[in-house]
Structure formats: C-alpha cells, structure tokens
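Student: One structure, pasted below without further comment.
The values are calculated or read from the model by the stated rules, or taken from the named source; none is laboratory data. If you're wondering where the values come from, they're calculated on a predicted model, not measured in any experiment. For neighbour counting, all protein chains shown are included, and Cβ atoms are generated from backbone atoms with ideal geometry for every residue, glycine included.
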Amino acid sequence: MLELILFYIFAAIAIVSAILVITQKNVVHSAVFLASTLLSVAGIFLTLHAEFLAGVQVIVYVGGILVLFVFVIMLISLERSVTERQFSRQWTIALITCAALITEFVYGIYRGKDSFLLPPAEAQTAAETLTGNTQIVGKALFTTFLLPFEIASILLLVAIVGAVVLAKRKTQVD
Amino acid sequence: MVATYHYLFLGAALFTIGVIGVLTRRNIMVILMSIELMMNAVNINLIAFSDHLQHVTGQIFAIFVITVAAAEAAVGLGIVIAMFKNKETMNINEIDLMKW
C-alpha cells in the first residue's frame with residue numbers, strides 16, 4: 001500500500017513537471033522542472049527495487065547532464081532566446097502526429113488490457129534475493145556484459161573528444 | 001506491490017510528452033530536454049520489466065541507455081554552442097543552411 005502511494009506521488013510529480021518542461025517559455029525554468037522530473041523518476045526506480053539505478057540517475061542525470069544543460073544556457077545569451085519564437089509554425093502537422101501517437105498508445109493499451117496482469121516470475125533462490133541490488137548489477141556488468149561495458153567507455157571517450165572539438169573550433173560561415 | 005502495468009502507463013505518458021515537446025517546440029535546448037524525457041521513459045519500462053521478471057539484464061540495459069544519454073547530451077550541447085557562435089540563435093527554424 002505504501003509503495004502504491006509513493007508510486008502515485010512520484011508519478012504525478014514526474015508527469016506534471018514533464019508537461020511544464022515542454023510548456024515553459026524560459027529555458028531555465030524548463031531545466032528546473034526537468035530536474036524535478038528526473039528526481040521523481042529516481043524515486044520510481046526506488047519503488048522498483050533498483051537502488052543502484054536510482055543513485056546513478058541522481059548522480060549522472062541531475063548531477064551531470066542537467067548541470068551541463070544549465071552551463072550551456074548560461075553561455076548563450078538568455079535574453080535573446082526568450083524573445084524568439086518558441087513554438088513551431090507547423091503546429092497542425094505536429095498536432096496530427098501527436099494525436100496519431102496517442103491514438104496508437106490508447107489502442108495498444110485497449111487491445112492488451114486482458115494481459116495487464118502478467119504471470120509472476122518464478123521465485124528466486126534465497127541466496128539471490130538476499131544480496132544487495134548493487135552487488136547483483138555489478139556482478140552482471142563485469143561478467144556477462146563486460147564487452148558492452150568496455151564499448152560504452154569507448155563511446156564516452158569519443159563523445160568527450162567530439163564535444164571538445166565541436167565547442168572549441170572557430171568556424172567561419174562567410 | 002505495484003502492478004507492472006502502472007509503470008508501463010507512466011513510461012508511455014512520459015514518452016508521449018517528450019515526443020510532443022520535440023515536435024512543437026523550436027528552442028533547441030528544450031528539444032534536447034525532451035529527448036532526455038523520452039530516454040527516461042524507456043528506462044522506466046526497462047526497469048519495470050527487470051523488476052517483474054526478477055532479472056538483472058533490464059537494469060544493465062538501463063545503465064547503457066544512461067551512458068548513451070550522457071554522450072548524446074555532451075555532443076548535442078557542443079553542437080548547440082557551435083551553432084550559437086555561428087548563427088546567434090537558438091531557434092532551429094533558422095538553421096536551414098542544408099535545407100533543400
């Protein structure tokens with residue numbers, strides 16, 4: 001029961017903040033509401049017994065990516081960007097596409113409503129349920145998924161180099 | 001115990017909000033934030049199924065999604081800074097150099 005209440009609180013905060021992210025005119029307000037969404041998604045991860053992922057969400061998303069966003073907002077001139085046009089001129093096409101997406105979701109949910117209650121997974125052995133979440137994730141990451149883990153580190157290296165090159169280079173248009 | 005479909009509904013709602021943000025906003029920062037929202041929706045789905053099936057693979061996949069999101073944010077914001085240096089704008093409608 002407590003889990004359900006927590007889920008509804010976090011889900012409500014996440015959805016309301018997400019709507020505010022895409023409707024605010026000022027980019028800084030969007031960033032603040034994005035932080036609120038990301039933190040409540042971390043709370044959702046906690047209700048799903050993924051404690052390690054909740055920590056990673058807070059550290060990487062809120063502490064890393066969002067700070068990067070705020071730094072870039074600081075670097076560009078804010079006054080100019082607020083006065084610019086915020087919403088697309090082709091909003092009819094956007095509206096039709098969004099309506100199609102929502103219809104698709106509603107239809108899919110309606111068709112699958114009989115299978116909402118999925119069959120429960122087979123019971124875990126006592127040894128697996130007793131160890132902590134971080135331990136299980138770490139073990140899987142460094143044994144079964146070692147190669148993807150290393151490839152992810154190479155991806156991050158490429159991203160660092162690419163970001164530095166893109167932001168530093170003096171480009172001339174004319 | 002919250003049933004798994006609650007989380008799938010939440011994921012679908014967040015993903016839809018992200019898509020609406022990408023399609024209707026013209027400010028490049030807000031579009032990048034909407035992409036982050038969509039990646040979070042995907043992560044919620046992955047971890048919901050990881051919890052439901054009592055299998056750790058979904059959480060590992062979510063870690064890789066977060067890694068890709070970090071790389072995407074770094075490169076995307078680098079592009080934003082380069083774009084702002086050249087064009088002095090955040091509006092993606094004015095970035096039409098390669099438009100046919």
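Student: All but one of (1) within 30 Å of A:V164 (Cα to Cα); (2) facing chain A (nearest Cβ under 7 Å); (3) within 13 Å of the chain's Cα centre (by Cα) hold for B:M38; which doesn't?
Tutor: Exception for B:M38: condition (2).
Student: With respect to A:V62, is the statement that it is part of a helix (DSSP H, G or I), more than 10 Å from chain B (Cβ to nearest Cβ) and modelled with pLDDT of 70 or more true?
Tutor: Answer is yes for this residue.
Student: Out of all the residues in segment B:9-19, which are of a type in the set (V, I, T) and surrounded by fewer than 22 Cβ atoms within 10 Å (Cβ to Cβ)?
Tutor: Across segment B:9-19, the qualifying residues are B:T16, B:V19.
Student: Restricting the search to segment B:10-31, which residues are more than 7 Å from chain A (Cβ to nearest Cβ), under 18 Å from A:Q24 (Cβ atoms) and among the hydrophobic types (A, V, I, L, M, F, W, C)?
Tutor: Within segment B:10-31, B:V22, B:I28, B:I31 qualify.
Student: Name the pairs: first residue in segment A:142-159 and at the interface with chain B (Cβ under 7 Å from one of its Cβ atoms), second residue in a helix (DSSP H, G or I) and of a type in the set (S, T, N, Q), Cβ to Cβ under 9 Å, at least 6 apart or on different chains?
Tutor: Once the first residue is at the interface with chain B (Cβ under 7 Å from one of its Cβ atoms) and sits in segment A:142-159, its partners that are in a helix (DSSP H, G or I) and of a type in the set (S, T, N, Q) give A:F145/B:T57; A:A152/B:T67; A:L155/B:T67; A:L156/B:T67.
Student: Hey, another quick one. Name the residues in segment B:43-56 that are of a type outside the set (S, T, N, Q) and either surrounded by 22 or more Cβ atoms within 10 Å (Cβ to Cβ) or in contact with a Gly (Cβ under 7 Å, 6 or more places away or on another chain) (or both), would you?
Tutor: Those that are of a type outside the set (S, T, N, Q) and either surrounded by 22 or more Cβ atoms within 10 Å (Cβ to Cβ) or in contact with a Gly (Cβ under 7 Å, 6 or more places away or on another chain) (or both): B:I44, B:L46, B:I47, B:A48, B:F49.
Student: Considering each of A:I15, A:I19, A:I9 in turn, give the residue that is farther than 14 Å from A:L66 by Cα and more than 9 Å from chain B (Cβ to nearest Cβ).
Tutor: Just one listed residue meets the conditions, A:I9.
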